[in-house]
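Beneath this line is the structure, given in structure tokens, with notes to follow.
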Amino acid sequence: MHRVCLSNDRLPRAEGCGLLATAEGFIHADRNLPFHVLIYVLEGTIYVTEDGVDYAVGPGQLLFLKSELRHFGRQMIPRGTRWYYVHFSLPQPVHEVTENQEQWLFLPKMLSHLSGSS
């Protein structure tokens, strides 16, 4: 499992964000991105595989995809699925994470039961 790690003294940089809704079902693109991705599902289910691990992200769930790792779809994302995404980068290289553990916030790979939270 590949987690995203935030430094407690440097903020992430947003690269792009948006709300998407599928008019027709589709399979997630096969790609390897130079930035991290946060996915939060409102309706339906996002099916995505990252580095060989399959994820099904449903309503009220959030998933972090790690930069530089291949992710793609194996299963059809159903029509009507709606989700927010945020593409973001972090200022530090990953190999620094082991240097000073108390400096880092290790984000969980997936969060659930977020529906209705504000």
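What to note about this one:
- P(r) of the chain over all Cα-Cα pairs, binned every 5 Å from zero, in whole percent: 2, 11, 20, 24, 20, 12, 7, 3, 1, 0
- Once backbone amide H atoms are built at 1.01 Å from N, residue 43 has 82 as its partners under 5 Å, excluding neighbours fewer than 5 places away on the same chain.
- Set of region 32-54 residues, backbone N closer than 20 Å to the point 7 Å along the Cα-Cβ line of residue 7: 34-37
Every number here is computed from the coordinates shown, using simple stated rules; none is lab data. These numbers come from a predicted model, not from an experiment. Every residue, glycine as well, gets a Cβ built from its backbone with ideal geometry; the counts of neighbours run over all protein chains shown.
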